[in-house]
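Notes for the one structure printed next.
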Amino acid sequence: MTGYHDYVLCLIPTLVLGPIALSSVVGLPVRVAVAVGGAAAALLVGHAMFVRGPVTRVAAENGVVGESSAVVNDAPATVNDSSGGGVAPSDAD
């Protein structure tokens with residue numbers, strides 16, 4: 001089954017080589033055709049990476065689309081001491 005990123009991989013060389021081939025028909029300098037094709041390919045790659053970035057199937061099923069599927073706990077670490085003595089944090093002032 002072909003997806004969006006498969007089409008992107010096919011379009012990259014097409015966007016680079018297409019304007020070069022058409023430059024002889026249109027009369028456009030090859031230098032300009034390479035710049036136009038390269039810019040279009042770069043925009044397509046940027047869109048495929050950052051706008052419609054690839055996600056894992058598990059992340060998509062869990063509703064995590066467009067974000068990293070890694071779970072990060074930003075809560076500070078705590079010490080569970082049932083004796084009641086507790087330990088003072090080392091960075092306390």
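Annotations for the structure displayed:
- Selection over the stretch 24-58 of residues that are of a type in the set (Lys, Arg) and not in a helix (DSSP H, G or I) gives a count of 1.
- Beta carbons closer than 9 Å, at least 6 apart along the sequence or on distinct chains, pair a first residue in the stretch 1-27 that is in contact (Cβ under 8 Å) with a residue 12 or more places away in the chain and on the phi < 0 side of the Ramachandran plot with a second that is among the hydrophobic types (A, V, I, L, M, F, W, C) and assigned to a loop (DSSP other than H, G, I, E, B) for 19/28.
- Extreme residue, modelled with the lowest pLDDT, among residues of the stretch 27-69 that are more than 28 Å from residue 2 (Cβ to Cβ) and surrounded by fewer than 11 Cβ atoms within 10 Å (Cβ to Cβ): 27
The values are calculated or read from the model by the stated rules, or taken from the named source; none is laboratory data. Just so we're clear, the structure is a prediction, and the values are computed from it rather than from any experiment. Cβ: placed from backbone, ideal geometry, glycine included. Neighbour counts: every protein chain shown.
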